[in-house]
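Notes follow once the structure below has been shown.
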Amino acid sequence: MSKSPTKYIFVTGGVTSSLGKGIISASLGKLLTARGYSVTIQKLDPYINVDPGTMNPYEHGECFVTDDGAETDLDLGHYERFLNNSTSQANNVTTGRIYQTVIQKERKGDYLGKTVQIIPHITDEIKRRIQILGNTGKFDFVITEIGGTVGDIEALPYIEAVRQLKWELEDSALFIHLTLVPYLAAAGELKTKPTQHSVKTLLESGIQPDILVCRTEHPLGSDIRRKVARFCNVERDAVIESMDASTIYEVPLLMQKEGLDKVVLRKLGLADNTEVKLEQWCNFLEGLQNPEKEITIGLVGKYVELQDAYKSISEAIIHAGATNACKVKVEWIHAEEINDKNVAEKLTGLKGVLVAPGFGDRGMEGKISAIKYIRENNIPFLGICLGMQSAVIEYARNVLGHKDANSVEMNDATSAPVINLMEEQKEVTEKGGTMRLGAYKCQLTEGSNAYKVYQNTEISERHRHRFEFNNSYKADFEKSGMIATGINPKTNLVEIVEIPTHPWFVGVQFHPEYKSTVANPHPLFCGFIEACINNK
Ligand code: GLN
C-alpha cells in the first residue's frame, strides 16, 4: 500500500509464558492486511538451538516448515493461517542462529582486532535480522514477536536490540506488551499488580510499552483499565482487553472491537481511513461456529497427549470442517496402544482416520494395525509422511505378501525395504537442517482423488523427511492395486499413493497441513473430511 518506510511493531510478553503472543500478533497482522496493508510476522526465539528442527515435540510442539525449507516455531503456522502469506527463513530467528552468524564472522576475520561482545555484536546481528524483512521493500509492517517472558536472562539481548532499534527507527516503531490480569476468586477481583511489575521490568530495560494487551478471564471494566493505564504510563485506549475466546479465529474480531488496529495506526502516524475487509474471515467463522453437522474422526499418532505436536494438522482439520459446515471432533489415539486384537474397538464410531507424521519406530506397529483395519473396512484414510510410509509398509506386508516389509528407518535389515533412505541422504551425517525440506513440485494423475481435490495436475507441497517410497517396488504395488498418483517430476520420487478401489485412501509423503489457511483451506483436508462425512 503506502510506500512510506516499513513500520516495525515489537511484541513482548510478561507475567507468564503461553499468553498467546503468536495469536495476538497474527490477529493484529490480520486486521492490518484486512485494511490493505502488506504485513509479515517474525518470531525471535531465545534458545540456543539453531532451529527447532532438532527438538522433540514434547519440548517444543510441532516444527513448522516454510516453502524455503526453514524448520521453525509453530507460531509461524499461525501467522500463515491468519495472513495467508508465506513465511520464510527470515521469519524465525533463534539465539543459536545469531551466535552462529557472529562466530562465523569472527572466524573469518570480519571483526579483526576487536573483542566480540553481546553488545554491540550480538545486538547488531539481532537488529540486522529484524530489518531483513523490512529491507525487502515488500512490507508495510513487520511485526516481531519476541519469544519468552521479559525478565528472562536469555531474552535480554533481544530486549536491548529492540530498545536501540526503536530509537533508530524513531516514529516507525512501537511496542506492544502482552500481560496477564489474573482473577482472584477468593477476593472476587481482577489484579493489576503482575502487569504493573512486568511493565516495570520492561522499563528497567529502557522500554516503555505503547500498548498493553491484557489477557483476562473476566472483562476488565473501566476502573481496571484506568488503573493499568495510569500505573503503566499508557493511554487509556491503549489498554486492550483480550478475553479468552472460544476459538483462536475469533481473536482478530475481538481485537478489532477493542480498537487495537486503530491505536496502532494512530501511534504510527497513519490515517485511519482504510476499510477493514473481513467478510471472508467472518464467513469462515460463521461456518465454524454454526455447524450443520458433526462427525468424529481419529488421529493416530504418538504425541497425542500433547496436541501442539500436531498443531497444523488440527488447524487444517478445523479449516476443512468449517468449509464443509461440519464440526469435526478429533479422537486422539495413541499408536502404541493399538494392535490387531483391539483395533476394531479402538476405531469404533470414527468416520475416518488420519495417521500422523513421525520419526522412529515407537508406535509404528500400531499405525500399521490401524491402517490394515482402515483399508479392509473402507474407512476414509489420510496418511501424512510417516502415515503414508506406514500405509505402504502395511500394503507390502498384507497384500504383496512381504511379511518382513519395513522402512529402513525402523529395520535396516528388512528383506523388503519398501521405504528406503533417499539417495541424497546417504552421505548425510549431521542431523540439523539436513532432511528433504521445503516445497517441491508434484505431478498428479488425472482421475485420482488427489487430482479431484486439487483440480490441477501440478501442485507444490512442503516436505520434511529422509526416507522415501522405494521405486523398485512400484510396479508390484501398482499391479496389486496401490497406485502412485503423485510423482516428483524432477526426481521421480513417489509423493502420493492411493487405492482406487477404496472410497478414500490417500497417503502423502509431504505435509499438506502446513499450507492450510483460513482463506485457503487445504484441498486434501477438505476432500478427506468430505469423504468422512459421506461415510455412512
Ligand atoms: N521418519 C520419516 C522420514 O524421515 C517420516 C518423517 C515425517 O513423518 N515427517 O522419512
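None of the figures in this text is laboratory data; all of them are computed from the coordinates on show. Quantities reported herein were computed from a predicted structural model and do not represent experimental measurements. As a convention, Cβ positions derive from the backbone with ideal geometry for all residues, glycine included, and neighbour counts pool all protein chains shown.
Return the whole-Å distance between the Cα centroid of the range 463-536 and the Cα centroid of the range 183-201. Each part's Cα centre sits 51 Å from the other's. Per residue, the average separation of C-alpha pairs within less than 8 Å and at least 6 apart gives the chain a relative contact order of 15 percent. Here the translational diffusion coefficient of the range 12-115 follows from Stokes-Einstein with Rh set to the Kirkwood radius across Cα pairs; for 20 °C and 1.002 mPa s it amounts to 141 µm²/s. So what J values fall out for the range 296-301 if you push phi through Karplus, 6.51 cos²θ - 1.76 cosθ + 1.60 with θ = phi - 60°, rounded to Hz, Gly and Pro as x? Each residue's phi maps through the Karplus curve to give 10, 10, x, 10, 9, x Hz. Shape analysis of the range 83-211 yields a ratio of the Cα radius of gyration to the Kirkwood radius, Rg/Rh, of 1.05. Under 5 Å from the amide H of His465 lie the amide H atoms of Arg436, each residue being 5 or more positions distant or on a separate chain, with H modelled from the backbone and absent for Pro and chain starts.
Electrostatic tally near Ser314: other residues with Cβ closer than 12 Å to its Cβ, Lys and Arg +1, Asp and Glu -1, net -1. A simple charge model with +1 on the Cβ of Lys and Arg, -1 on the Cβ of Asp and Glu and nothing else charged puts the dipole of the range 366-495 at about 240 debye relative to its Cα centre. When both bridge partners sit in the range 392-521, DSSP labels roughly 90% of those beta bridges antiparallel.
Helix 279-289 and the longest principal axis of the C-alpha atoms of the chain enclose an angle of approximately 60°. As a ratio to 2.2 N^0.38 Å, the alpha-carbon radius of gyration computed for the range 469-536 takes the value 1.26.
The alpha-carbon of Lys193 sits under 15 angstrom from the alpha-carbons of these aspartates and glutamates, leaving out residues fewer than 8 places away in its chain: Asp223.
Distant-in-sequence amide contacts of Trp332, defined by a placed amide H-H separation under 5 Å and a gap of 5 or more residues or a different chain, comprise Leu299. For the cross-link pairs Lys302/Lys367; Lys43/Lys166; Lys43/Lys302; Lys311/Lys490, which exceed 19 Å when the distance is taken from alpha carbon to alpha carbon? Exceeds cut-off: Lys43/Lys302; Lys311/Lys490.
Derived scalar couplings between HN and Hα for the range 392-402 equal 5, 5, 4, 5, 4, 6, 9, 10, 7, x, 8 Hz in order, rounded to whole Hz, by the Karplus curve 6.51 cos²θ - 1.76 cosθ + 1.60 (θ = phi - 60°), x for Gly and Pro. For the range 299-436, the orientation-averaged shadow of the C-alpha convex hull comes to 9.6 nm² (one quarter of the hull surface). Of the residues Met364, Met422, Met482, the one with the fewest other Cβ atoms within 10 Å heads the list, and the complete ranking is Met422, Met364, Met482.
In terms of overall dimensions, the C-alpha atoms belonging to the range 145-217 reach 46, 26, 19 Å along their principal axes, ordered largest to smallest. Summarised as an ellipsoid, the range 230-295 has semi-axes of 30, 17, 6 Å, derived from the eigenvalues of the Cα gyration tensor scaled by 5 and square-rooted, with the largest first.
Beta bridges per DSSP, both residues in the chain: antiparallel share near 30 percent.
Each stretch of four or more DSSP H residues adds -39500 (n - 2.57); spread over every residue of the chain, this sum gives -10500 deg cm²/dmol at 222 nm. Amide H to amide H, with H built 1.01 Å from N, Asn92 comes under 5 Å of Lys43, counting only residues 5 or more places away or on other chains. In plain terms, the bigger the Kirkwood radius, the slower the diffusion; for the chain, with that radius from Cα pairs, at 10 °C and 1.306 mPa s, Stokes-Einstein puts D at 64 µm²/s. Derived scalar couplings between HN and Hα for the range 99-109 equal 5, 4, 5, 5, 5, 4, 5, 4, 5, 6, x Hz in order, rounded to whole Hz, by the Karplus curve 6.51 cos²θ - 1.76 cosθ + 1.60 (θ = phi - 60°), x for Gly and Pro. Within the range 406-471, the GluC sites (Glu not before Pro) that combine a DSSP coil assignment with at most 13 other C-beta atoms in a 10 angstrom radius are Glu427, Glu430, Glu446.
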